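Okay, so here's the structure we're looking at.
Read-outs: derived from the displayed coordinates by stated rules, not from any lab. The structure displayed is predicted, hence computed values, not measured ones. For neighbour counting, all protein chains shown are included, and Cβ atoms are generated from backbone atoms with ideal geometry for every residue, glycine included.
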Amino acid sequence: MSIGRPLEAFEAGHAELARLCADLEKLADGLPDNVDSGTCDALAHRVPATVSEVLRGEEDLLFPYLTRRLPDMPDLATTLTRLKAEHHADLCYAEEVEEALADFAAGRPGLSTDAIGYMLRGFFDGQRRHIAAERQLLLPLFARLGDG
Ligand SMILES: [Fe+2]
């Protein structure tokens, strides 16, 4: 594996999550009347699919790569364990967002509009915090490997 590919994959994953967050924020701003049900339904299913794809890439490719390349790095295992715990919580949250948006798109919302908006903002704010923390923690490691 070349040293450039893991960093590219890391950046691409975060860019995809950032796009998802922007689309969810736009949807939240449009609730309840300025939301197209087809767009809402498609976005609903994109949430867990994107989160799952990105975290799988990080956990299956990126984290093992860093562990392999930086075997003596203190606290790396602890850091990666913490990030994996965030991933697990994010995926559970993503599935709740999917259900809420799919129900709303189908015209049978199980939650009030305010509750859906609150849930969406909690989700994308959390994703943005995760991305920022992950970058703060891991980009210096790529730099240390001569790839940052
Ligand atoms: Fe992550």
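Could you tally the net charge around R82, taking each other residue with its Cβ under 12 Å from the Cβ of R82, Lys/Arg +1 and Asp/Glu -1?
Residues close to R82 contribute a combined charge of -2.
With contacts defined as alpha carbon pairs under 8 Å and 6 or more residues apart, what's the relative contact order of the chain in percent?
Numbers: 109 pairs, mean separation 53.2, N = 148.
RCO, the chain: 36 percent.
On a 0 to 90 degree scale, rounded to 10, what angle separates helix 4-30 from the longest Cα axis of the chain?
Relative to the chain, helix 4-30 is tipped by roughly 20 degrees.
How much mean residue ellipticity at 222 nm does the chain get from its helices, if each DSSP H run of length 4 or more adds -39500 (n - 2.57) and you divide by all residues, to the nearest 500 deg cm²/dmol?
Value at 222 nm, helices only, nearest 500: -28000 deg cm²/dmol.
For labels at L61 and E95 in the simple 7 Å Cα→Cβ model, what's the distance in nm?
Once both label points are built, they end up 2.5 nm from each other.
What is the diffusion coefficient of the stretch 12-56 in µm²/s, taking the Kirkwood radius over Cα pairs and the Stokes-Einstein relation at 20 °C with a viscosity of 1.002 mPa s? Please report the intermediate quantities before stating the final value.
Details: Rh = 10.9 Å.
The estimated diffusion coefficient comes to 196 µm²/s.
About the Cα centre of the stretch 1-64, how large is the charge dipole given +1 on each Lys and Arg Cβ and -1 on each Asp and Glu Cβ? Please answer in debye to the nearest 20.
140
Taking the Cα atoms only, what angle lies between the long axis of helix 76-105 and the longest principal axis of the chain, rounded to 10 degrees?
The two axes meet at around 20 degrees.
Using alpha carbons only, how many degrees (0 to 90, rounded to 10) separate the axis of helix 37-57 from the longest principal axis of the chain?
Long axis of 37-57 versus the principal axis of the chain: about 20 degrees.
Calculate how large, on average over all directions, the projected area of the Cα convex hull of the stretch 4-144 is; give the answer in nm² to one decimal.
8.1
Could you size up the charge dipole of the chain around its Cα centre, putting +1 on the beta carbon of Lys and Arg and -1 on that of Asp and Glu, and report it in debye to the nearest 20?
Computed about the Cα centre, the dipole is about 580 debye.
Read phi for every residue in the stretch 111-126 and hand back ³J(HN,Hα) as whole Hz from Karplus 6.51 cos²θ - 1.76 cosθ + 1.60, θ = phi - 60°, with x for Gly and Pro.
Taking θ as phi minus 60°, the curve returns 10, 5, 4, 4, 5, 5, x, 5, 5, 4, 5, x, 5, 6, 5, x Hz for the stretch 111-126.
So, in Å, what gap is there between the alpha-carbon centers of the stretch 1-67 and the stretch 104-128?
Between the Cα centre of the stretch 1-67 and that of the stretch 104-128, the gap is 17 Å.
log10 I(q)/I(0), Debye, Cα-only the stretch 86-148, no solvent, q = 0.18, 0.23, 0.27 Å⁻¹?
So the normalised log intensities work out to -0.69, -0.91, -1.07.
Provide the gained length on full extension for the span L70 to A143, in nm with one decimal, where the gain is 0.36 nm per separating residue minus the Cα-Cα distance.
25.1 nm
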